[in-house]
Structure formats: structure tokens, C-alpha cells
Amino acid sequence: RRRKGAPFVPSAQAKIDAIFGRGGVLQSHVRRRQHAVDLGSGGGAFVRAAVRNGHFARATGYELNPALVLFARMQSVLARGEHFRLCSLWDADLSDADLVFVYGVPSIMVALEAKLTRELPVDAVVVSNLFRFPDVEENRTTALVEEASQWVDAGLQNLSMDDS
């Protein structure tokens, strides 16, 4: 059975820079830099940036589109630590992820939040690009950083994150 995912929209370089660039938001909010995961990795820009700019030991992209997985693998053919899996985000292994990036659509956010809550380590950080998780509580142990697009638009001024 073929699962249908969200449409491919390339990540804007300004958004990647706001996350991983010099002085980027995640420079101060992600404590461990072992494994970054991109759920719906498309062409692989986030995975490459996590390893090359974010200094993660490895990053894994999960993508349903075989052509995009092949393209991403070709872009990373000589790079260490950049991995791409032809796999649904629902089957992704998140057990050791320090950072998860997702450009989900509203229809999956409730179920995705439940998966993340069940499977992520307590100090993992989740970046939801554009769409909110509907039931995020203020006192969650897993920090959910939402709406990465605001980081660019607001010049990184309005990051709200529970650091407890």
C-alpha cells in the first residue's frame, strides 16, 4: 500500500540559516549533537545542514518519494553522517534523536505529537515548520519549538520555548 505524504516544498536557505547558522536558534537550545532527524526530508537540505553546519555526528532523513531519496543520496554521496531512508515518518526510529524537524500538515499533527511524545528522549527538541502541535502543554519535558518560519520573519526575536 502506497502512503501519500505532504507535497515537496524545498526548505528556504534563510530558514536553514536561522536554525543552524552562526548564532542560529538551535546553537543554544540543543544540548546533545549526536543525531538529527528530518521527517519528510525531501531533497535533504536539513539533513546536510544538520551535519555540515549544526555539527551533528549524524542526521537521518525519512522520505516517501523514491526520486527525492535518490537525489538526496546523490547530494550526500561522499559525506559522512548523512543518511536517507525510503520510509514513512510513522516508521521512523526516533529513539535516539536529539533534534527532529518536521514540515507536517495539519491533518497529521495530533498523531505525530503522540508519536513524538512516546518515542523521543525527554531532552529532544522538535522543530515544527509552520504548523502547530494542537495539544502542546507548557510544562512538557520534550521541548517543542514551533513555527520555525517566525524565526526568520521576526529576526530570531520571538522564540518561545520552555527551558524547564
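Some observations on this one:
- When the Cα positions of 101, 83, 71 are compared along the charge dipole of segment 62-104, 71 comes out farthest toward the positive end, with charges on each C-beta of Lys, Arg, Asp and Glu.
- Sequentially through segment 106-119, phi angles give Karplus couplings (6.51, -1.76, 1.60; θ = phi - 60°) of x, 5, 9, 5, 5, 5, 5, 4, 5, 4, 4, 4, 5, 9 Hz, Gly and Pro residues having no value and appearing as x.
- Accessible area per residue was computed with a 1.4 Å probe on protein heavy atoms; residue 83 scores about 60 Å².
- Residues in segment 61-89 that a label on residue 52 would reach, taking backbone N under 17 Å of a point 7 Å out along Cα→Cβ: 61, 69-84
- A straight chain from residue 80 to residue 34 at 0.36 nm per residue would run longer than the Cα-Cα distance by 15.3 nm.
- Distance in nm between pseudo-label sites at residue 115 and residue 12 (7 Å out along the Cβ direction from Cα): 2.6 nm
- Seen from residue 69, the other residues with C-beta closer than 11 Å to its C-beta sum to a net charge of +1, counting Lys and Arg as +1 and Asp and Glu as -1.
The values are calculated or read from the model by the stated rules, or taken from the named source; none is laboratory data. Bear in mind that the values here come from a model prediction, so they are computed numbers and not experimental data. No Cβ is skipped: glycine too gets one built from the backbone with ideal geometry, and neighbour counts run over all protein chains shown. What goes into the accessible areas is simple: the full protein's heavy atoms, side chains included, and nothing from ligands, DNA or RNA. Shrake-Rupley method; radii C 1.70, N 1.55, O 1.52, S 1.80 Å.
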